[in-house]
Amino acid sequence: MEEKENLITVNIDGQDLQVPPGMNMVEAAAILGKEIPHYCYHPKLTIAGNCRMCLVELGMPGRDRATGEPMVNKDGTPKIMWMPGPAIGCGTKAAPGLHIKTDSPKALESREAVTEFLLINHPLDCPICDQAGECTLQEFSSSHGRGYSRFIEQKNVKPKRTRLGPRVTLDDERCVLCSRCIRFCDEVAGDSVLGFTDRGSYSTLTCFPGKELANNYSLNTVDICPVGALTSTDFRFKMRVWFLKETNSIDFETSVGVNTVVSAREGTIYRVKPRRNDQVNDTWMPDSGRELYKQVESDDRLIQCTIDSLATSAVDAIAKASECLQGGGVAIVGSGQCSVEEQFALKAISDGIGAKGVYLVARYGKDDGILMSVDRNPNVRGALMAGLVNDLPDEQLGELGAKIDSGEVTTVFSVKEDLIAGGLTEDQVGKVKIIYLGTHENTTSSLADVLIAGLTQFEKSGTVINQQFRLQKFSRVVPGPGGAIEDLYALATIQANLSGESFPSTVGSLWKQIGTEGSVFEGISFQSLSDQGELLDGSAFEHFSFREGKSLHFEPKKEALAIE
Amino acid sequence: MSVHPKEQRIILKYADEPGYTPDIDCYMKNGGYEMLKKAVGMEKQAICDEVKNSQLRGRGGAGFPAGVKWSFVDRKSGKPVYMVCNCDESEPGTFKDRQIVHKDPHQLIEGIIISSFATDCAKAFIYIREEMPKGAEILNQAIKEAKEKNFVGDDILGSGYSCDIVVHRGAAAYICGEETGLIESLEGKRANPRIKPPYFPAVLGLYMCPTIVNNVETLCNVLHILRMGADEFAKIGRPNNTGTRIWCVSGGVKRPGYYEVAGITLGELVYDICGGPKDGRTIKAIIPGGSSMKILKSGERFTGKDRDGNGYDWGIEDIPLDYDGIAAAGSMSGSGGMMVLDDSVEIPVALANLMAFYSHESCGQCTPCREGSLWLKKITTRMVHGQARPDDVDLMKSVADQIEGRTICAFGFAVAWPVQSYLAKFEDEFREFAERHSRMGGDRTAAKELACNH
């Protein structure tokens, strides 16, 4: 096989494969579609090599001891010297000429042995275990196990239902001591609180004395736990996982745009988990983002459109809103929480009515250097690229307040933003006509003359642009409440009413328009956008002083750092 | 205490002499630190060459040539090199390092400093097991004395070479004797042995710096190699098995104890020096090098061909008492802890005791060792408590086979070898024992008393 540049050839089960030097054998075998089973190995953590499940046979081309010449078989092929004992696939790095056997009798027997050892002290009560259905031990026991037990002794007894922190509950009897969670806390979260006590088979996972697993990434330990030991206190025993339908989504907390997968059954969301994207969030996400699904069914959810606080249909509310917007003296408060499509629609409205000003409200928080960036809006860059705003937003709507006081603005159309929280006084808000499109109750919604109940991110599809200028899509997980209307549909209808021309009211049809405008979006459609997102050309915004600091896969510009 | 004529005391030359004390004055009166004075005037490489040429093999267990180990040290990284003296003498049946530390600590310190000087180590550590509190006190006192005389510390004897020695006490774990586990423990972590590759101590050892880990007895030998010269040292014992070894004999012999010998047979040690079995007893089996080594059975014949192609046919007492001799008999000389089992010992009970030890000492990192060792303990304990089953013997063998060679460190071998060898050589006794102790109403008190205590 011809050697490509920077690649070396290894041989897996008789098949030659070119891989980068240093790639481990678990990953290399995966390229060939072969699974080397493993528990402790995780692609984003250091190698521990302790579960011994990935044992394979290992060989290197032999060299004559005396002459140093390569040894050859009778047919002229290199003679492979196989090691007497098996070696771990995860800790074996690609080297020129390396041979491994992943399905030889010795490798299979090693796996069967490890599976037997893992099961002897593990509770065999899968039917009542919360991990059942997504348990690596369960899967590998079925594919690599003996199928019967030779163990007649008493099993070890360890603590059940230990509270490790506010969000994580531990069942020590189910722990296979793979140390993934410990390595995650040490290496990714930077919060070393987990460790083992006791020795041998009595080893027990626990928190350091006086500490608890409370960091904002603690639930990642639950995701990477291959068994039912670490469980999410919020999710455990709420739903059998095989009933859950999974939908790809994006974490709306920050400008990082963490890729997520949302699990729901029959219109109810049960949990949010991270989705692997090596360019954005690896396999991690913050705990806070997993709570966002609770907004869907929260008590303060707006489920009914109103005009002058009287319930009405969405159709009437939209018509009334269109009427108000035609009166002149309109300012628009958009949002970094809106999707790119909604921002395009809002931009069309703003242009059509000649708005007296378009504002966003900036949200800034503390940068944790991992996945929580300073900018807590998921889509400020979307607003910039849609042309809705021309500069980075302020945290306060002071300019708008002045325009209200001067009488220049008499109507405010706010999408998702609470004007009071944005810095306007109740007095100022009282002076103007308010049209509000939002999902949750706040002062603005209670004062609104026209209220259009919209949808949360989990109830609609769309795209957002993260801090890397990566366009990423999210999809509808559950339907919205009956009285609410999809934001894009509402905006598109308003625009159609105002302009007298039709405006695309679905994400797919709007993208046909966005993608043909000769802009940075050219050639992209919602359908074709990959789950890993697409990097856009953000060079037009290079001179902006974005506030994000260093996070997992984002290096800020030098000027931005200087401002920090 | 009289020294047996067959003993050849070099390291323990003064240790048991009447009036010999562990203080520095006594040590210097007997020629102590003269070799250090000589060493600091030598080329470092010359000392390393002497050690290499002496064919000195490590006295800790694996028997790896010390000079070769020193030459593996990564000098290209630019990181400091550390010297670690492994004084975690925790292999059951071994008590030789304790004699050196307690009775002649300055010999060890001189050996460490010479070795550190030769390998250009930035700092030396003595990792001493928790169960030697007195030893740690003695070593600290000795280091203090040596510092006052400028044998340890800054600019040793005006040579420009500085090296401090730090005594670090373990916390009573067998696994800390494994060199990478020891390094983890020395760093203040749980003593989980590291995976190799990539964490070879010579490259990524203590604090991810190149590190040399040597046993107490090995480091003391460096001193004597320098004194005698490599060629003279290599004349002691057989080629490739040079120098003396301190054997710790325990169990069913008349005179158990530690004996420094070279070039004799196992029979000479057990019968001539230790006086043979106690009156009325016969020797049933011998564990040659610490409890993890494979057992040698009385009456067995050990045949084969040595390196030069000469055939041999030994009884247990004919086995040459050195690395290659015991290896030729299918076991290992290990740490030099020889346990003699006489006919009063029931092998299944001995195995149950051993399994209780190993299951307690497994660090718990690798699945096969962690789960397998406790499983074996549970089976053997059940056997001696009179609830053996007919298929236990086959099951134990299968479990041991599933552990051997599949773990990060050699502990997996240490668990598996006793089980495999005891079962292979005493299978009939196991089956008979299982049969006898599974009969209802049989007297099981004796067996219970002998069994492991937990």
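Please identify every one of the chymotrypsin sites (Phe, Trp or Tyr not before Pro) in the range A:117-209 that sits in a loop by DSSP and has no more than 10 other beta carbons within 10 Å of its own beta carbon. List each step's numbers first, then the result.
Numbers: sites: A:Phe117, A:Phe140, A:Tyr148, A:Phe151, A:Phe184, A:Phe196, A:Tyr202; in loops: A:Tyr148, A:Phe151.
Passing both the DSSP loop test and the Cβ count: A:Tyr148.
Using 7 Å Cα-to-Cβ label points, what is the A:Glu112/B:Arg301 separation (nm, one decimal)?
3.7 nm
If I model a spin label at B:Tyr312 and A:Thr233 as a point 7 Å from the Cα along the Cα→Cβ vector, what separation in nanometres do I get?
Roughly 6.5 nm, to one decimal.
Wrap a convex hull around the Cα atoms of the range B:347-450, take a quarter of its surface area, and give that in square nanometres.
Numbers: hull surface 23.0 nm².
In nm², the orientation-averaged hull projection of the range B:347-450 is 5.8.
Rounded, prolate or oblate: pick one for the range B:317-376, where a ≥ b ≥ c are the square roots of the eigenvalues of its C-alpha gyration tensor, a/c under 1.5 means rounded, and failing that, prolate if a/b is larger than b/c, else oblate. Display every interim value, and only then the final one.
On the way: a/c = 3.01, a/b = 1.54, b/c = 1.95.
Taking the square roots of the gyration eigenvalues as a ≥ b ≥ c, the range B:317-376 is oblate.
For A:Glu555 and A:Thr425, FRET efficiency with R0 = 25 Å and r from the beta-carbon atoms, rounded to 0.05? Please list the in-between numbers first.
Working: r = 40 Å, r/R0 = 1.62.
It comes to 0.05.
If the cut-off is a Cα-Cα distance under 25 Å, which lysines reach A:Lys155, setting aside same-chain residues fewer than 8 apart in sequence?
By straight Cα distance, A:Lys155 reaches B:Lys377, B:Lys378, B:Lys397, B:Lys448.
Does the range A:451-536 come out rounded, prolate or oblate, given a ≥ b ≥ c as the square roots of the eigenvalues of its C-alpha gyration tensor, rounded meaning a/c under 1.5 and, failing that, prolate meaning a/b above b/c? Walk me through the numbers on the way to the answer.
Details: a/c = 2.37, a/b = 1.27, b/c = 1.88.
Here the range A:451-536 falls in the oblate category.
Let's test this: bin the Cα-Cα distances of the range A:289-370 at 5 Å from zero up to the farthest pair and state each bin's percent.
3, 11, 14, 17, 22, 16, 9, 5, 3, 1
Count, for each residue of A:88-98, the Cβ atoms from other chains sitting within 10 Å of its Cβ, then give me the mean as a whole number.
Details: counts 4, 0, 1, 5, 1, 2, 0, 0, 0, 0, 0.
Mean shielding by partner chains, rounded to a whole number: 1.
Given the range B:1-146, what whole percent of its Cα pairs are spread farther than 25 Å? Could the numbers behind the result be given before it?
Working: 3434 of 10585 pairs.
In whole percent, the long-distance tail amounts to 32.
So, taking all protein chains as they sit and a 1.4 Å probe, how much accessible area belongs to B:Met338, in Å² rounded to tens?
Here the residue's solvent-accessible area equals roughly 0 Å².
Shape of the range B:24-235 from its Cα gyration tensor (a ≥ b ≥ c, root eigenvalues): rounded if a/c is under 1.5, otherwise prolate when a/b > b/c, or oblate? Intermediate values should be presented prior to the final figure.
Details: a/c = 1.40, a/b = 1.16, b/c = 1.20.
Rounded is the answer for the range B:24-235, as its axis ratio a/c remains below 1.5.
If you rank B:Glu404, A:Glu501 by how much accessible surface each has, with a 1.4 Å probe, what is the order from largest down? The partial results should precede the final answer.
Numbers: B:Glu404 60, A:Glu501 130 Å².
If we order B:Glu404, A:Glu501 from most to least accessible, we get A:Glu501, B:Glu404.
Two decimals, Cα atoms only, Kirkwood Rh: what is Rg/Rh over the range B:83-134? Show your work: numbers first, answer last.
Working: Rg = 11.7 Å, Rh = 11.7 Å.
Rg/Rh: 0.99.
Could you compute the net charge surrounding A:Gln337? Neighbours are other residues with a C-beta less than 11 Å from the C-beta of A:Gln337; K and R count +1, D and E count -1. Let's see the in-between values first.
Details: positive: A:Arg363, A:Arg376, A:Lys416; negative: A:Glu253, A:Glu342, A:Glu417, A:Asp487.
Computed value for this residue: -1.
What does the charge count around A:Ile12 come to, taking other residues whose C-beta lies under 14 Å from its C-beta (Lys +1, Arg +1, Asp -1, Glu -1)? Mind showing how you got there, number by number?
On the way: positive: A:Lys34, A:Lys93, A:Lys101; negative: A:Asp13, A:Asp16, A:Glu27, A:Glu35, A:Glu57, A:Asp103.
Neighbour charge sum, excluding A:Ile12 itself: -3.
In nm, what is the difference between 0.36 nm times the number of residues separating A:Ala132 and A:Gln154 and their Cα-Cα distance?
Values: separation 22, 0.36 × 22 = 7.92 nm, distance 2.34 nm.
Answer, rounded to one decimal: 5.6 nm.
Starting from a Cα-only point model with no solvent, please compute log10 I(q)/I(0) by Debye for the range B:258-378 at q = 0.13, 0.18 1/Å.
So the normalised log intensities work out to -0.60, -0.99.
Take the Cβ-Cβ distance between B:Phe200 and A:Ser525 as r, set R0 to 56 Å, and report the resulting FRET efficiency rounded to the nearest 0.05.
0.55
How crowded by other chains is B:399-409, given as the mean number of beta carbons from other chains within 10 Å of each beta carbon? Spell out each step's value before the answer.
Values: counts 6, 0, 2, 7, 3, 1, 7, 10, 4, 6, 0.
Partner Cβ neighbours, averaged per residue: 4.
Mind giving me the FRET efficiency for A:Asp394 and A:Thr46? R0 is 51 Å, r the Cβ-Cβ distance, nearest 0.05 is fine.
Working: r = 43 Å, r/R0 = 0.85.
Efficiency, rounded to the nearest 0.05: 0.75.
Between 0 and 90 degrees, rounded to the nearest ten: what's the tilt of helix A:487-499 against the longest Cα principal axis of chain A?
Once rounded, one gets 30 degrees.
Using the alpha carbons of the range A:128-238, what is the convex hull volume per residue in cubic angstrom, as a whole number? It would help to have the intermediate numbers written out before the result.
Numbers: hull volume 13.1 nm³, N = 111.
Taking the convex hull of the Cα positions in the range A:128-238, it is 118 Å³ per residue.
Which of the GluC sites (Glu not before Pro) found in the range A:1-47 are loop residues per DSSP with 10 or fewer other Cβ atoms within 10 Å of their Cβ?
Numbers: sites: A:Glu2, A:Glu3, A:Glu5, A:Glu27, A:Glu35; in loops: A:Glu2, A:Glu3, A:Glu5, A:Glu35.
Hits after loop and neighbour filter: A:Glu2, A:Glu3, A:Glu5.
Take peptides A:479-487, A:80-88, B:301-309 and line them up by average Cβ neighbours within 10 Å, highest first, as a rough protection proxy. Provide the component values of the computation, followed by the final result.
Numbers: A:479-487: 18.8, A:80-88: 16.6, B:301-309: 10.3.
Packing order, densest peptide first, comes out as A:479-487, A:80-88, B:301-309.
Can you give the extra length, in nm with one decimal, that the chain gains between A:Glu266 and A:Lys245 once fully stretched, where that is 0.36 nm per residue apart less the Cα-Cα distance? Working shown, then result.
Working: separation 21, 0.36 × 21 = 7.56 nm, distance 0.88 nm.
Net length gain for the segment: 6.7 nm.
Scan the range B:41-100 for GluC sites (Glu not before Pro) in coil per DSSP, keeping those whose Cβ has at most 10 other Cβ atoms within 10 Å, and list them by number.
Details: sites: B:Glu43, B:Glu50, B:Glu89; in loops: B:Glu43, B:Glu89.
Within the range B:41-100, the qualifying GluC sites (Glu not before Pro) (loop, at most 10 other Cβ atoms within 10 Å) are B:Glu43.
Bin by bin, in steps of 20 Å, what percent of the Cα pairs in the protein assembly as shown do you find, going until the bin that has the longest distance?
Once binned at 20 Å, the Cα pair distances of the protein assembly as shown give 11, 33, 29, 17, 9, 1.
So how strong a dipole does the range B:307-395 carry about its Cα centre when Lys and Arg Cβ are +1 and Asp and Glu Cβ are -1, to the nearest 20 debye?
Values: 6 positive and 14 negative charges, 138 e Å.
Dipole magnitude for the range B:307-395 comes out near 660 debye.
Could you please report the charge total around A:Val315, scoring K, R as +1 and D, E as -1 over all other residues with beta-carbon less than 14 angstrom from its beta-carbon?
Details: positive: A:Lys320; negative: A:Asp316, A:Glu323, A:Glu486.
Overall, the nearby charge balance is -2.
Tell me the relative contact order for the range A:128-238 as a rounded percent, counting alpha carbon contacts under 8 Å between residues six or more apart.
On the way: 147 pairs, mean separation 37.2, N = 111.
It comes to 34 percent, rounded to a whole number.
Antiparallel versus total DSSP beta bridges in the range B:24-235: what percent is that, nearest 5? Before the final figure, lay out each step's value.
On the way: 2 of 19 bridges.
Beta bridges within the range B:24-235, antiparallel portion: roughly 10 percent.
Thinking of chain A as a set of Cα atoms, what percent of all their pairs are more than 33 Å apart? If you can, show how the numbers build up before the last one.
Numbers: 84082 of 158766 pairs.
So the pairs more than 33 Å apart make up 53 percent of the total in chain A.
Convert 25 °C to kelvin, take the viscosity as 0.890 mPa s, use the Kirkwood radius over C-alpha pairs of chain B as Rh, and evaluate the Stokes-Einstein diffusion coefficient in µm²/s, rounded to a whole number. Write down the numbers at each step before the final one.
Numbers: Rh = 22.9 Å.
Once the numbers are plugged in, D ends up at 107 µm²/s.
In nm, give the distance between the simple-model label positions of B:Val68 and B:His385, each being 7 Å from the Cα along the Cα-to-Cβ direction.
4.6 nm
Across all directions of projection, what mean area in square nanometres is found for the Cα convex hull of the range B:130-178? List each step's numbers first, then the result.
Numbers: hull surface 16.0 nm².
Result: a mean projected hull area of 4.0 nm².
Going by average Cβ neighbours within 10 Å, how do the peptides A:387-399, A:432-444, B:164-176 rank, with the highest at the top?
Peptide ranking by packing, descending: A:432-444, B:164-176, A:387-399.
In peptide A:113-126, how many Cβ atoms from other protein chains are near each Cβ within 10 Å, on average?
On the way: counts 10, 7, 1, 8, 13, 4, 1, 6, 4, 1, 0, 0, 0, 0.
What the average comes to for A:113-126 is 4.
The values are calculated or read from the model by the stated rules, or taken from the named source; none is laboratory data. Just so it is clear, the structure is predicted and the values come from calculations on it, not from any experiment. All Cβ positions, even for glycine, are placed from backbone atoms using ideal geometry, and neighbour counts span all protein chains on display. The accessibility values were calculated without ligands, DNA or RNA, using every heavy atom of the protein model including side chains. Shrake-Rupley method; radii C 1.70, N 1.55, O 1.52, S 1.80 Å.
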